[in-house]
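For reference, the structure is listed below as structure tokens.
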Amino acid sequence: MIGIGLIAFIGWWFFAPRPEDRKQSAVVANHQTVAIDVNGGYAPETVELQAGVPATLNFTRRDPSGCLDHVVFNDFGINQELPKGKTESIDIDTSKPGVYQWACGMDMFHGKVIIKA
Ligand SMILES: [Cu+2]
């Protein structure tokens with residue numbers, strides 16, 4: 001019985017919808033911006049952007065650990081330092097719809113950008 005409960009819990013943990021983790025960009029004057037809080041991970045972890053609209057992600061690192069001091073977008077060739085307590089703006093190329101992962105410098109924490117057509 002414990003085993004079944006554990007499996008159910010793991011299933012819930014991975015597959016339960018967590019809508020608060022996802023944030024859709026607001027488009028203002030043909031530019032979309034999303035603020036991402038970096039503190040023990042990324043909040044939100046999933047960002048939705050509209051294709052073809054210039055986009056900026058503003059990462060603010062509050063976490064003291066060096067683990068999160070870089071954010072890496074392999075698909076875009078971005079490896080940006082995130083000094084603690086500062087907001088770093090990263091421009092995202094939204095010309096191609098798709099799902100693009102980002103990660104900390106050690107590939108331990110992850111987030112993703114969904115570019116919707
Ligand atoms: Cu890390």
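Calculate what fraction, in whole %, of the accessible area of segment 20-116 sits on carbon and sulfur atoms when a 1.4 Å probe is rolled over the protein chains. Please list the in-between numbers first.
Numbers: 2350 of 5030 Å².
Heavy-atom surface of segment 20-116 belonging to carbon and sulfur, 1.4 Å probe: 47 percent.
In this structure, the pairs whose alpha-carbon distance is over 19 Å, taken from Lys23/Lys112; Lys86/Lys116; Lys23/Lys116, are Lys86/Lys116. Each Lys or Arg adds one and each Asp or Glu takes one away; over the other residues whose Cβ falls under 10 Å from the Cβ of Phe76, this sums to -3. Straight-line cross-link reach from Lys84 at under 20 Å between alpha-carbon atoms covers these aspartates and glutamates, not counting any fewer than eight positions away in the same chain: Asp37, Glu45, Asp63, Asp69, Asp107.
Within the set of other residues whose C-beta is less than 14 Å from the C-beta of Gly40, count the net charge using Lys and Arg as +1 and Asp and Glu as -1. Present the calculation step by step, with values, prior to reporting the outcome.
Values: positive: Arg61, Arg62, Lys84; negative: Asp21, Asp37, Glu45, Asp63, Asp69.
For residues surrounding Gly40, the net value is -2.
Only Cα sites of segment 20-116 enter the Debye sum here, all with the same form factor; the resulting log10 I(q)/I(0) across q = 0.15, 0.18, 0.20 1/Å is -0.51, -0.74, -0.92, listed in q order.
For segment 20-116, the solvent-accessible area of protein heavy atoms averages 52 Å² per residue (probe radius 1.4 Å; ligands and nucleic acids excluded). In loop segments of segment 31-117 as defined by DSSP, there are no GluC sites (Glu not before Pro) with at most 13 further C-beta atoms inside 10 Å of their C-beta.
For segment 20-116, the relative contact order works out to 29 percent when only alpha carbon pairs closer than 8 Å and six or more residues apart are counted.
The values are calculated or read from the model by the stated rules, or taken from the named source; none is laboratory data. Predicted model only: the values in this text are computed from it and were never measured. Neighbour counts run over all protein chains shown; Cβ positions are idealised from the backbone, glycine included. Just so you know, the surface numbers come from the protein's heavy atoms only, side chains and all, with ligands and any DNA or RNA stripped out. Shrake-Rupley method; radii C 1.70, N 1.55, O 1.52, S 1.80 Å.
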